[in-house]
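Student: Pasting a structure here, questions to come.
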Amino acid sequence: MDALASVGLFGDGRQLALNSYENRVYQLHLEDAAVVVAKFYRPGRWSEAQILEEHSFSTELMAAEIPVVAPLSLNADTLHHFGGFAFSISPSRGGRPPELDDAEVLEWIGRFLARIHSVGAAKPFVSRPALDLQTFGIASREWLLSHDQVPLDVQSRWAKASQDALDLIATHPCLTGASSPSDPGALEIETIKLLRLHGDCHPGNILWTPLESVASAGPGPHFVDLDDARTGPAVQDLWMLLSGDRTQRSRQLGCLVDGYEQFRAFDRRETALIEPLRTLRLIHYSAWLARRWSDPTFPVNFPWFGSSDYWQGQVQMLEEQIEAMQEDPLQV
């Protein structure tokens with residue numbers, strides 16, 4: 001409440017903590033009946049320049065009439081400080097999870113992703129990192145092993161499976177930054193264009209407003225939480241919306257691309273990156289949980305993490321991913 005007042009907004013006392021593990025996020029009702037969301041950033045995760053670059057990207061997207069939820073500019077700033085914490089204020093937008101079994105819904109999302117990427121391709125990020133083998137894969141693996149996060153009874157198996165997986169990913173130059181890959185067959189991947197992305201486009205970060213609903217966001221999807229915006233290949237914002245068996249995933253990807261290509265060409269070569277990107281996320285996710293374990297929220301919400309059973313399951317998933325990365329890519 002005091003942080004709100006410091007930027008000229010006054011709450012009526014109603015507060016609701018929203019589901020967010022990385023930051024602390026609250027829905028707050030104001031005296032003038034407006035509802036806002038206050039995000040307090042986890043100290044040390046992003047620099048101020050990186051946060052402001054995310055805000056600028058959100059503002060560009062809104063200027064292009066793309067339905068994202070961007071921070072409000074208050075007193076000419078989108079990033080504020082109070083009590084030792086950086087925070088931002090955004091309008092509150094409701095919605096329900098998208099029906100990803102509906103082809104029309106997938107096409108609609110595909111159209112908006114293409115528009116996001118058209119803005120994202122206009123210029124690069126300067127401060128925010130890339131989604132690549134080093135930051136998501138190698139650094140995560142090294143941190144887990146050097147901090148003894150993997151139990152001894154499964155450590156050697158996980159170390160081998162994760163290294164084998166990363167060795168396969170290293171054949172994709174656009175995920176490594178390599179200028180001259182050792183595998184000649186990987187050369188065709190090298191020229192895939194990298195651009196500014198949402199970065200974490202899973203179904204929970206897309207809120208759907210029904211056609212019959214009266215909402216300021218308008219009907220259809222709107223995108224929230226660009227906190228993980230990074231540089232990477234366009235397919236990163238598509239693959240997390242896929243689920244089910246190979247046939248189902250191919251159909252879903254086809255619907256997304258049908259919508260996407262109404263606004264922007266999709267490079268079919270990027271389908272070869274789906275399983276490598278899934279593998280990087282798998283390793284990165286384990287490291288993220290381990291790094292945050294001292295935060296009391298994490299043991300409460302992830303009680304299964306860290307056991308031998310958990311890590312044995314990770315070994316199995318990595319072995320499955322090694323097989324998947326050697327299969328033919330999904331066809332669109």
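Each value in this text was obtained by applying a stated rule to the coordinates, not by laboratory testing. Please read all numbers here as calculations on a predicted model, not as lab measurements. Note: ideal-geometry Cβ built from the backbone for every residue, glycine included; neighbour counts use all protein chains shown.
Student: FRET efficiency for residue 135 and residue 293, Cβ-Cβ distance as r, R0 = 25 Å, nearest 0.05?
Tutor: Result of the calculation: an efficiency of 0.80.
Student: Still on this structure, please answer the following. Under the Kirkwood approximation applied to all pairs of distinct alpha-carbon atoms, what is the hydrodynamic radius of the chain in Å?
Tutor: The Cα-based Kirkwood calculation yields 21.3 Å.
Student: Where does the Debye-calculated log10 I(q)/I(0) of region 102-180 sit at q = 0.22 Å⁻¹, using only Cα point scatterers of equal weight, no solvent?
Tutor: Per q value, in the given order, log10 I(q)/I(0) is -0.99.
Student: Per DSSP helix of 4 or more residues, -39500 (n - 2.57); summed, then divided by the residues of the chain. What does that give at 222 nm, rounded to the nearest 500?
Tutor: -12000 deg cm²/dmol
Student: Still on this structure: Enumerate the calculated ³J(HN,Hα) couplings along region 246-254 in order (Karplus 6.51 cos²θ - 1.76 cosθ + 1.60, θ = phi - 60°), each rounded to whole Hz, writing x wherever the residue is Gly or Pro.
Tutor: Once rounded to whole Hz, the list reads 4, 5, 5, 5, 4, 5, 4, 4, x.
Student: Also: Let me see the P(r) profile for region 1-128: every Cα-Cα distance counted, bins of 5 Å, each bin given as a percent of all pairs.
Tutor: Spelled out per bin, shortest first, that is 2, 9, 17, 19, 19, 16, 10, 6, 2, 0.
Student: At a temperature of 10 °C and a viscosity of 1.306 mPa s, determine how fast region 45-108 diffuses translationally according to Stokes-Einstein, using the Kirkwood radius over alpha-carbon pairs as Rh; express D in µm²/s, rounded to the nearest whole number.
Tutor: 114
Student: Fewest first, what order do 101, 132 take by the number of other Cβ atoms within 10 Å?
Tutor: 101, 132
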